[in-house]
Amino acid sequence: MAARLPSWAWVSGLTVAATAAVVALGVQAEHGPHPTASAARPSASASPRPHVSADPKPSAPPALPDGSGSGRRIVYSVGQKRVWLVDATGHAARTFTVWPGTVSPRPGGYSVTLRTQSLKGSDGVEIEHVMYFTKVEGVNIAFSNALDGSSPPPAGGQKLGGIRMRKQDGAALWSFGDTGAKVTVVS
């Protein structure tokens, strides 16, 4: 007399078989033929079209400026309106564009002198991740981002030293640079 298998064994066996079938179909889908609209043959009256990639390759971010120092640092290019976060090996771990204020820092080496989590900027906008590093013509120069992630409003003739960035970039800079962090400004 044949032994009868418990019901849990049947369920386990079916589960294993179903999982194997799904994996096999997944592998086949991954490596099998992929028919697309471009595989259709054009009619004799169709005009030739240049091939346009559906997924263009993104361009490489701008290179770290020459003469921007060495070691772990924050590099700010006034002319490019861009910041690089550079690790201890000299590799730019992140780069992003910024919206500079109306007063720019002079090229040179600085360090973060004060960090403030949030406050109201001199333009009246609520800002966060404020990192001060110099003063020019009596105006404090600092990196920050608006709480709502927006770009700064028009200056309206004000002398503003805030270097604003997008919210996610402000958070990355805040995590990267403590008080005393090196800041290199290039033209």
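The values are calculated or read from the model by the stated rules, or taken from the named source; none is laboratory data. Here the structure is a predicted model, which means the values were calculated and not measured. Here Cβ is always computed from backbone atoms with ideal geometry, including for glycine, and neighbour counts include all displayed protein chains. These accessible areas exclude ligands, DNA and RNA; they are computed on the full protein's heavy atoms, side chains included. Shrake-Rupley method; radii C 1.70, N 1.55, O 1.52, S 1.80 Å.
Ranked by the mean number of other Cβ atoms within 10 Å of their residues, highest first, the peptides 138-150, 174-186 fall in the order 138-150, 174-186. Taking the Cβ of LYS182 as the center, what net charge do the other residues with Cβ under 9 Å away carry, scoring Lys and Arg +1 and Asp and Glu -1? Counting the neighbours of LYS182, the net charge comes to +2. The 3J(HN,Hα) values that the Karplus relation (6.51, -1.76, 1.60; θ = phi - 60°) gives for the range 125-130 are, in residue order, 8, 5, 10, 9, 6, 7 Hz. Gly and Pro appear as x. Amide H contacts of THR134: ILE141, each under 5 Å away and 5 or more positions distant or on a separate chain (H built 1.01 Å from N in the peptide plane; Pro and chain starts excluded). Ligands, DNA and RNA left out, the accessible area of the range 136-184 computed with a 1.4 Å probe is 51% carbon and sulfur. Within 15 Å, Cβ to Cβ, of ARG72, how many net charges do the neighbouring residues add up to if Lys/Arg are +1 and Asp/Glu are -1? Spelling it out: positives minus negatives among the neighbours equals +1.
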